[in-house]
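The values are calculated or read from the model by the stated rules, or taken from the named source; none is laboratory data. Computed from a prediction, not measured in an experiment: that's the story for all the values here. Heads up, the Cβs are rebuilt from the backbone with ideal geometry, glycines too, and the neighbour counts pull from every protein chain shown. For accessibility, only protein heavy atoms count, side chains too; no ligands or nucleic acids. Shrake-Rupley method; radii C 1.70, N 1.55, O 1.52, S 1.80 Å.
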Amino acid sequence: MLQPAYPTPRHKAVVIGGIRHGRRYFFELANLKKAPLAIEAVCRIDAIFAIEREINRHSAAERRAVRQARIAPLVAELESWMKTERVRLSRHAEIAKAIDYMLKRWSAFTRFLDDGRICLTNNAAERALRGIALGRRSWLFAGSDRGGERAAAIYTLIATAKLNDINPQARLADVHARIADHPASRLHELLPWNWKLLRAQPAAA
């Protein structure tokens, strides 16, 4: 029989990805028709996502304001409901494991309420990693741990540029040409979002 797979400690990083990961375990149980409580949990979480879809393309400040006004009360109700139901369940119940997974990581799951820049999911990050997953056999030949760390750093630079609608090659070439003479106190100007503005200034002038 299919069982929902709960992350082990080595999967801890996915918590940053948002509340959708917690929803997934409830959804698997609801789909298997194993726990009426799982269906209730999915409905409560989906109500949160319904509001979030309304503000998808709004500014970070606008998203935070809506989250505080409309989503925060739903999140508080969800937490209270899960705690109430949890005390009635055996620790061996699959639904109990799903509830525990969320409650133990509650501060991480709810961080989005106080920061409009944070997404409820890490779908964008997972999509960015697909290329690495497809080329995982190549990474067997990084040569050393240090080589793997350098490859990860380069991938971070490229992915961050893409997320800011910047041509990675153009930015890396420009930064490489500038950085030797660039004041250390102004290195923040070369961060992708600042570099984009810096490049736009001569054009505007």
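Summing +1 for each Lys or Arg and -1 for each Asp or Glu, what net charge is found among the other residues whose Cβ lies under 15 Å from the Cβ of R91?
Numbers: positive: K83, R86, R88, K97, K104; negative: E85, E94, D100.
That works out to +2.
With a 1.4 Å probe and all protein chains in place, put S185, S59 in order of accessible area, largest first.
Output order, biggest surface exposure first: S185, S59.
Helix 72-86: angle to the longest alpha-carbon principal axis of the chain, degrees 0 to 90, nearest 10?
50 degrees
With θ set to phi - 60°, apply the Karplus curve 6.51 cos²θ - 1.76 cosθ + 1.60 along the stretch 119-129 and write out the HN-Hα couplings as whole Hz, x wherever there is a Gly or Pro.
8, 6, 10, 10, 4, 4, 5, 5, 5, 5, 8
Quick check: the angle from helix 192-204's long axis to the longest principal axis of the chain, C-alpha only, nearest 10 degrees?
Tilt of helix 192-204: around 50 degrees.
Taking the full set of protein chains and a 1.4 angstrom probe, give the accessible area of I154 in square angstrom, rounded to the nearest 10.
Its heavy atoms expose roughly 90 Å² to the probe.
Probe radius 1.4 Å, ligands and nucleic acids left out: which of D115, D165 has the largest accessible area, and how do the rest follow? Can you show the working numbers first?
Numbers: D115 35, D165 130 Å².
Ranked from most to least accessible, the order is D165, D115.
On a 0 to 90 degree scale, rounded to 10, what angle separates helix 19-31 from the longest Cα axis of the chain?
40 degrees
Ignoring ligands, DNA and RNA, please state the percent of accessible area on the chain from carbon and sulfur, probe 1.4 Å. Could the numbers behind the result be given before it?
Values: 7720 of 13640 Å².
Within the chain, the accessible surface is 57 percent carbon and sulfur.
Using a probe radius of 1.4 Å on heavy atoms only, what accessible surface per residue do you get for the chain? Whole Å² is fine.
Details: 13640 Å² over 205 residues.
Result: 67 Å² per residue.
Compute the Cα gyration tensor for the stretch 88-168, then decide on rounded, prolate or oblate, letting a ≥ b ≥ c be the square roots of its eigenvalues: rounded whenever a/c is under 1.5, prolate when a/b is larger than b/c in the other cases, and oblate in all that remain. Show your work: numbers first, answer last.
Details: a/c = 3.10, a/b = 1.67, b/c = 1.86.
Oblate shape, in that a/c is at least 1.5 and b/c is the bigger or equal ratio.
Express in whole angstrom the spacing between the alpha-carbon centres of the stretch 99-129 and the stretch 156-205.
28 Å
Could you pull out the chymotrypsin sites (Phe, Trp or Tyr not before Pro) across the stretch 132-177 that fall in loop regions by DSSP (anything but H, G, I, E, B) with no more than 13 other Cβ atoms inside 10 Å?
Details: sites: W139, F141, Y155; in loops: none.
Hits after loop and neighbour filter: nothing returned.
Looking only at Cα atoms, what is the convex hull volume of the chain per residue, in Å³? Don't skip to the answer; put the middle values down first.
Details: hull volume 36.7 nm³, N = 205.
Measuring per residue, one finds 179 Å³ for the Cα hull of the chain.
How many Lys pairs in the chain lie less than 14 angstrom apart by Cα atoms, where the lysines are 8 or more positions apart or on different chains?
The result is 5.
For the stretch 113-185, run through the trypsin sites (Lys or Arg not before Pro) and keep only the ones in DSSP coil with at most 10 other Cβ atoms within 10 Å of their Cβ. Don't skip to the end; give the middle numbers.
Working: sites: R117, R127, R130, R136, R137, R146, R150, K162, R171, R178; in loops: R117, R136, R137.
Those satisfying the criteria are R117, R136, R137.
Counting each DSSP H run of 4 or more residues in the chain as -39500 (n - 2.57), what helix-only mean residue ellipticity at 222 nm follows after dividing by all residues, to the nearest 500 deg cm²/dmol?
On the way: 10 runs with 123 residues, N = 205.
Mean residue ellipticity at 222 nm (helix-derived): -18500 deg cm²/dmol.
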